[in-house]
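Have a look at the structure below, then the notes.
The values are calculated or read from the model by the stated rules, or taken from the named source; none is laboratory data. Treat the numbers as computed from the prediction; the structure is a model and nothing was measured. As a convention, Cβ positions derive from the backbone with ideal geometry for all residues, glycine included, and neighbour counts pool all protein chains shown. With ligands, DNA and RNA removed, areas are computed over all heavy atoms of the protein, side chains included. Shrake-Rupley method; radii C 1.70, N 1.55, O 1.52, S 1.80 Å.
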Amino acid sequence: IRCWSNIPFITVPLSRAHGKSFAHRSELKHAKRIVVKLGSAVVTRGDECGLALGRLASIVEQVSMLQNQGREMMIVTSGAVAFGKQRLRHEILLSQSVRQALHSGQSQLKDMAIPVLEARACAAAGQSGLMALYEAMFTQYSICAAQILVTNLDFHDEQKRRNLNGTLHELLRMNIVPIINTNDAVVPPPEPNSDLQGVNVISVKDNDSLAARLAVEMKTDLLIVLSDVEGLFDSPPGSDDAKLIDIFYPGDQQSVTFGTKSRVGMGGMEAKVKAALWALQGGTSVVIANGTHPKISGHVITDIVEGKKVGTFFSEVKPAGPTVEQQAEMARAGGRTLAALQPEQRAEIIYRLADLLTDQREEILLANKKDLEEAENKGRRLALPLLKRLSLSTSKLNSLAIGLRQIAASSRDSVGRVIRRTRIAKDLDLEQVTVPIGVLLVIFESRPDCLPQVSALAIASGNGLLLKGGKEAAHSNQILHHLTQEALSIHGVRDAVQLVNTREEVEDLCRLDKLIDLIIPRGSSQLVRNIQKAAKGIPVMGHSEGICHVYVDTDASVEKVTRIIRDSKCEYPAACNALETLLIHRDLLRTPLFDQIIDMLRVEQVKIHAGPKFASYLTFGPSEVKSLRTEYGDLECCIEVVDSVQEAVEHIHKYGSSHTDVIITENEKTAEFFLQHVDSACVFWNASTRFSDGYRFGLGAEVGISTSRIHARGPVGIEGLLTTKWLLRGDNHVVSDFSEHGSMKYLHESLPLPQRNAN
């Protein structure tokens, strides 16, 4: 264990044979030796005079953290010229002011012109101050730093190369961070040459080439190049069509147009790419990223090492399939074509998918069997509720097919339905019509049956779809997606539904705000919370918890109570719509009905937790619950006592999750009070919580249950995947005609809606 800023860190076991670069971002966490190159734009202030101290301190903090994890960190830094320029400007101003004061005898100074400062002189004046600053910052983390100044000759002279190599290895062995810079006080001006043409030929003419040369010489695992742009774009950043390149492969240079270099420094993006490819050829992985953005610079280095999608990653291994960005674009294009089909054509696709689920039953179950066997053979047997979700059966597939046919039948009048018509003025009519949301990203765990359900809803609503399933269901998801695309092919929209098979982390997918319009998580409450936290600018539809209540009123029917409670808790305890808290009216305590409830729960082997008020009535029995906001997801529940229906409503609002809540009573007035006052997505009277489901609601299926208050709430079917747009049809209308002295008047007449298809 090492210590960093008085906080103990367990060192990371790192080992890797050098010689081949990492193929995927996820492997970067195994990097042992890392070079961080800080460009001039990262180190210097916007006025190019002086250093960006806050940014530099953040970088030192990240490097220190990685160093204290057991990694070997090296820094190639710019900044000496800028720091020296600041010092020399100050000296010149001070000198001029003294001379002027002596010459004029006046204390008031005139405007003084500052001469152009030669870069080598600035470097000479700034090197010592820059190093002193680094030393002071690293000292805060109990880390020693050492300065090394190099020139091109140090790499071309064999003896000097060996000396430099030995010095760096010795510093790393002693847990010292080497800080390397070109000796700009003596370096000659850059001249055109034929460097970067081979592994053994590269001249050190800027810090990009220095970092690349150093990375290869030291057999470094990872080179991080920080600049003032997010990474490498396919055209100059800032241009209308510029797109950030996530992964860059050797040979892709022809698809990139390079712009001008940064405001300071000697190397532009073209130089960075050449240096990166040279380092990659030498066995070092490279990432080019933004080190100046205030929102990410505080964790950009650690994010890269953790394998997060930051900047441009250089890789020699090109994936066989499309990238997730390309898949999202394919889904959008396919979704637009899908939305333009006739309703009957979309329905045909869903009917075809339903038929395939039953026709290809044997192949689907064989693939599912592989998933179940792998889940058991990996030594980490899944919990029984998860295995139940993962498992497919003939009856499940038949139920899926029935649900899909329901979706197909109800989809004929979804997209393009007119929901409002208004006559604005004579010959000026306005319509509000339903349209798809765009591209949906659905992330689901251990539930392969979710794939055809969600696909059918996306097809019915004309949305493009990206699916990210759990790896435990990989074989099942693969064949179900293949069948989905086979069904889509009958009308040429195969690409509308995409299954993400790459190593994309969920957090990275949640950052694709320009490609994805809505995220729908299907899984554990922890998954939903993680996605809600990670989503950057993309709305998330879903619920993080399913804390469902059943309130037993004094007027409850004895016959109904135990049936509804048993079904709500025991039919499928892992479901999000299962009972978690049972509220009992105080007058029912120590009655035969209460005893029947307790006996039934014991027979069903439900573990009981006591709420604070219920515990106060017990001399012995269940211990008091730690939290009334608990989703057990198993054969467990909490029992709490309330004095009235009003108190039950207040308890639900305080401790519930706005999912599904139930009252059991024969008193209609009490029931209506509960139905009207409980503010949840689903509120039931004398019915099990388990009815909160898209299939049971007659929606065919659902993409999830939403507890949001905007757009869609409760089980989300086709309607929840649609939004609207406005269509205005006129005849040479202009707003000026409706002014005070204009010739036209607003009518704003409501018009009848078109007759909907009765089928």
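When L392, L353, L357, L387 are checked against the criterion of being farther than 24 Å from G492 by Cβ, of a type in the set (A, V, I, L, M, F, W, C) and part of a helix (DSSP H, G or I), L387 stands alone in meeting it.
Among what's in the range 22-62 and is among the polar types (S, T, N, Q) and modelled with pLDDT under 90, pick the residue that is nearest to the chain's Cα centre (by Cα). Reasoning before the result, please.
To start, the set of residues in the range 22-62 that are among the polar types (S, T, N, Q) comprises 26, 40, 44, 58, 62.
Those still in the list that are modelled with pLDDT under 90 too: 26, 40, 44.
Numbers: S26: 15, S40: 31, T44: 31 Å.
Looking at residues that are among the polar types (S, T, N, Q) and modelled with pLDDT under 90, I get S26.
Does K274 satisfy being modelled with pLDDT of 80 or more, of a type outside the set (F, W, Y), in contact with a Leu (Cβ under 6 Å, 6 or more places away or on another chain) and more than 16 Å from A23 (Cα to Cα)? Criteria met by K274.
Answer yes if at least one residue in the range 682-694 is open to solvent by 20 Å² or more (accessible area, probe 1.4 Å), free of Cβ contacts under 8 Å to residues at least 40 places away in the same chain, in a loop (DSSP other than H, G, I, E, B) and farther than 17 Å from G438 by Cα, and no otherwise. No: the range 682-694 contains no residue that is open to solvent by 20 Å² or more (accessible area, probe 1.4 Å), free of Cβ contacts under 8 Å to residues at least 40 places away in the same chain, in a loop (DSSP other than H, G, I, E, B) and farther than 17 Å from G438 by Cα. Suppose the filter is under 25 Å from K32 (Cα atoms) and open to solvent by less than 40 Å² (accessible area, probe 1.4 Å); does I288 pass it? The answer is yes for I288.
Taking T284 and the conditions (1) farther than 17 Å from R213 by Cα; (2) among the hydroxyl-bearing types (S, T, Y); (3) touching a Lys or Arg at 6+ places or on another chain (Cβ under 9 Å), which numbered condition does it fall short on, given that it satisfies the others? For T284, the exception is condition (1). Listed by first and then second residue, the pairs linking a residue in the range 207-221 that is touching a residue at least 60 places away in the same chain (Cβ under 8 Å) to a residue that is part of a helix (DSSP H, G or I) and among the charged types (D, E, K, R), with Cβ atoms under 6 Å apart and 6 or more places separating them unless they lie on different chains, are D208/K272.
Conditions (1) farther than 30 Å from E571 by Cα; (2) without any contact (Cβ under 8 Å) to a residue 24 or more places away in the chain; (3) open to solvent by less than 50 Å² (accessible area, probe 1.4 Å), marked per residue:
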position: I705; (1), (2), (3): no, no, yes
position: S708; (1), (2), (3): no, no, yes
position: R713; (1), (2), (3): no, no, no
position: L722; (1), (2), (3): yes, no, yes
position: V734; (1), (2), (3): yes, yes, no
position: S739; (1), (2), (3): yes, yes, no
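Inside the range 612-645, can you point out the residues that are assigned to a loop (DSSP other than H, G, I, E, B), touching a His at 6+ places or on another chain (Cβ under 9 Å) and not hydrophobic (A, V, I, L, M, F, W, C)? Before the answer, list the steps.
Initially, the range 612-645 is screened for residues assigned to a loop (DSSP other than H, G, I, E, B), giving 617-623, 625-635, 643-644.
Among the residues that remain, those that are also touching a His at 6+ places or on another chain (Cβ under 9 Å) are: 622-623, 625-626, 628, 630, 632, 643-644.
Passing the criteria: P622, S623, K626, T630, Y632, D643, S644.
Checked against (1) free of Cβ contacts under 8 Å to residues at least 60 places away in the same chain; (2) open to solvent by less than 10 Å² (accessible area, probe 1.4 Å); (3) under 22 Å from T670 (Cβ atoms), V552 passes all but a single condition, namely (1). Among the residues of the range 572-610, those that are in contact with an Asp or Glu (Cβ under 7 Å, 6 or more places away or on another chain), farther than 16 Å from A556 by Cβ, part of a strand (DSSP E or B) and open to solvent by 10 Å² or more (accessible area, probe 1.4 Å) comprise K607, H609.
Contact map, the range 590-613: residues that are within 17 Å of I664 (Cβ to Cβ) paired with residues that are in a helix (DSSP H, G or I) and among the small types (G, A, S), Cβ distance under 9 Å, separation 6+ or inter-chain. No pairs are found.
Evaluation of G717 against the conditions (1) modelled with pLDDT under 95; (2) more than 30 Å from I519 (Cα to Cα) shows that the sole unmet condition is (2). Residues in the range 218-231 that are surrounded by 24 or more Cβ atoms within 10 Å (Cβ to Cβ), hydrophobic (A, V, I, L, M, F, W, C) and within 19 Å of T284 (Cα to Cα): L222, L223, I224, V225, L226. Mind checking which residues of the range 682-710 are more than 24 Å from A409 (Cβ to Cβ) and at pLDDT below 95? Once the filter is applied, which keeps residues that are more than 24 Å from A409 (Cβ to Cβ) and at pLDDT below 95, the range 682-710 yields T707, S708, R709, I710.
Being farther than 30 Å from A458 by Cα, modelled with pLDDT of 95 or more and not assigned by the TED database to the domain that holds L397 is a property that V287 has. I402 satisfies every condition listed in (1) open to solvent by 40 Å² or more (accessible area, probe 1.4 Å); (2) touching a residue at least 60 places away in the same chain (Cβ under 8 Å); (3) aliphatic (A, V, I, L, M) except (2).
Screening the range 234-259 for residues that are touching a Pro at 6+ places or on another chain (Cβ under 9 Å) and assigned to a loop (DSSP other than H, G, I, E, B) and picking the one that is modelled with the highest pLDDT gives A242.
Checking each residue in the range 494-530 for being basic (K, R), in contact with a helix residue (DSSP H, G or I) (Cβ under 7 Å, 6 or more places away or on another chain) and assigned to a loop (DSSP other than H, G, I, E, B) picks out only R503. Scanning the range 469-485 for residues that are over 27 Å from L387 (Cβ atoms) and open to solvent by 50 Å² or more (accessible area, probe 1.4 Å) yields nothing.
Kindly evaluate L488 against the criterion of being assigned to a strand (DSSP E or B), more than 16 Å from G542 (Cα to Cα) and either open to solvent by less than 10 Å² (accessible area, probe 1.4 Å) or modelled with pLDDT of 95 or more (or both).
no
Summed over the range 313-350, residues that are open to solvent by less than 70 Å² (accessible area, probe 1.4 Å) and either among the basic types (K, R) or over 17 Å from the mean Cα position of the chain (by Cα) (or both) total 23. Within the range 460-467, can one find any residue that is open to solvent by 10 Å² or more (accessible area, probe 1.4 Å) and either at pLDDT 95 or above or under 20 Å from the mean Cα position of the chain (by Cα) (or both)? Looking through the range 460-467, none of the residues is open to solvent by 10 Å² or more (accessible area, probe 1.4 Å) and either at pLDDT 95 or above or under 20 Å from the mean Cα position of the chain (by Cα) (or both). Reported count of residues in the range 407-437, each being open to solvent by 20 Å² or more (accessible area, probe 1.4 Å) and within 23 Å of Q498 (Cα to Cα), is 4.
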